[in-house]
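The values are calculated or read from the model by the stated rules, or taken from the named source; none is laboratory data. Remember, it's a predicted structure, so these values are computed and weren't measured experimentally. Note that we place each Cβ from the backbone using ideal geometry, even for glycine, and neighbour counts take in every protein chain shown.
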Amino acid sequence: MKTKLIHEVRAVKSKKELANIIKAQRISEKVLRYIVAKLRTGVSEIEIANLIKKSFVKYGAPILSFLPIVAFGKNTANIHHKPGSAKLKKDDIIMLDFGCTVNHYCSDMTRTYFLGKPSKKQKKIYENVLRAMDLAMNKIKRGERRAKMIDKTARNFLNKKFNAKKFPHGLGHGIGTVIHEWPNFKPKSEDVLPIGCVMTIEPGLYFKGFGGVRIEDMILITKKGYKNLTNFPKDLNSAIL
Ligand SMILES: [Mn+2]
C-alpha cells in the first residue's frame, strides 16, 4: 500500500473539520450581507475593510483567514489588492474577498459587484467568469478528479474569449487550517482530488486600467461530484447594486 503523505491526509476533512469550515463560511456570508448594504458612493476601501474586520468580531470570529481584499474601480484589476484610500464611485466594479476561521479552520469567498448598471464590457466579463466556474464545477460533477483538467476546462473557455494573460492565477486551492493547502488547481498540477477535500473555485479576469472580476465559492469533493459549501447569490442580477 502506498503511504499517504501528510498533505494528502490533511486534505480529507472529517465531519468535525467540515463543520468548522461551514460555520466559518456562514459567518462570512452574514458579514458579506451586512457589507453589501454599506456599499455607497464615497465610502473608501479602508473603511469597508475595517467594517469587515469589526463585523467578524461582532459575529464571534475575530481571526480572519487573511486580510480582507476590498477593491474599487480600476483596483479590481489587481488580484491581491490592499485596501487603500480609493472611494467608491458610481459605475465602479467592487471586489470583496475574505474569510474567517472557526477553531482554526478557514473559509474563503469572493464576490464582485457593480455599483449601478454594468457596462457591456463589465457584463461580458462577469458572465464569462461565472460560466467558467460553471464549466469547472460540471466537470467535477461528471467525475473528473485531475486538478489540471478541471483548471483547463475553465482556462480554455476564458482563453478563447479573452487574451490568455487575463486569467493569471490558478482556478483554486485546497483549504483547511491554512488558507492555501494541497491540492491545487493549476495548469501544471499533478494533483488528483481526494473525496472529502474542500476546494475553492475562483476564476477571474483582470484588465489593467479597467478592472477585474473574480467569483469564488468553496466546494466539498464528494463521491458523486461535489457539494457547494457557499450559500450566497452570484448571478449577474444579484451583482448589480
Ligand atoms: Mn481563495
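Some observations on this one:
Yes or no, residue by residue, for (1) surrounded by fewer than 20 Cβ atoms within 10 Å (Cβ to Cβ); (2) over 22 Å from residue 233 (Cα atoms); (3) without any contact (Cβ under 8 Å) to a residue 60 or more places away in the chain:
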| residue | (1), (2), (3) |
| --- | --- |
| 138 | yes, no, yes |
| 145 | yes, yes, no |
| 154 | no, no, yes |
| 166 | yes, yes, yes |
| 169 | yes, yes, no |
| 180 | yes, yes, yes |
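- Restricting 188, 234, 208 to those that are within 16 Å of the chain's Cα centre (by Cα) and in contact (Cβ under 8 Å) with a residue 40 or more places away in the chain reduces the list to 234.
- Condition check for residue 73 on (1) crowded, with 17+ Cβ neighbours inside 10 Å; (2) touching a Pro at 6+ places or on another chain (Cβ under 9 Å); (3) more than 25 Å from residue 21 (Cα to Cα): one failure, at (2).
- Against the test of being closer than 16 Å to residue 45 by Cβ and out of contact with any Ser or Thr (no Cβ under 7 Å at 6 or more places or on another chain), the options 68, 118 yield a single qualifying residue, 68.
- Residues (outside any loop (DSSP other than H, G, I, E, B), more than 14 Å from the ligand (Cβ to nearest atom) and charged (D, E, K, R)) located in region 71-117: 74, 87
- The residues in region 1-27 that are exposed (fewer than 11 other Cβ atoms within 10 Å of the Cβ), modelled with pLDDT under 95 and not in a helix (DSSP H, G or I) can be counted, and the count is 4.
- Residue count for region 28-54, restricted to those that are part of a helix (DSSP H, G or I), in contact (Cβ under 8 Å) with a residue 12 or more places away in the chain and either more than 16 Å from residue 108 (Cα to Cα) or in contact with a Gly (Cβ under 7 Å, 6 or more places away or on another chain) (or both): 7
- Residue in region 116-128 that is β-branched (Val, Ile, Thr), at pLDDT 95 or above and over 14 Å from the mean Cα position of the chain (by Cα) present: yes
- Total residues in region 76-101, condition crowded, with 16+ Cβ neighbours inside 10 Å and either of a type in the set (D, E, K, R) or within 19 Å of residue 232 (Cα to Cα) (or both): 10
- Residue in region 183-201 that is of a type in the set (A, V, I, L, M, F, W, C), closer than 23 Å to residue 29 by Cβ, touching a Ser or Thr at 6+ places or on another chain (Cβ under 7 Å) and crowded, with 16+ Cβ neighbours inside 10 Å present: no
- In region 194-205, the residues that are touching a residue at least 40 places away in the same chain (Cβ under 8 Å) and within 18 Å of the chain's Cα centre (by Cα): 197, 198, 200, 201, 202, 203, 204, 205
- Taking the numbered list (1) out of contact with any helix residue (DSSP H, G or I) (no Cβ under 6 Å at 6 or more places or on another chain); (2) at pLDDT 95 or above in turn, residue 163 passes all entries but (2).
- Each residue in region 28-37 was checked for being surrounded by fewer than 24 Cβ atoms within 10 Å (Cβ to Cβ) and over 14 Å from the mean Cα position of the chain (by Cα), and 6 of them qualify.
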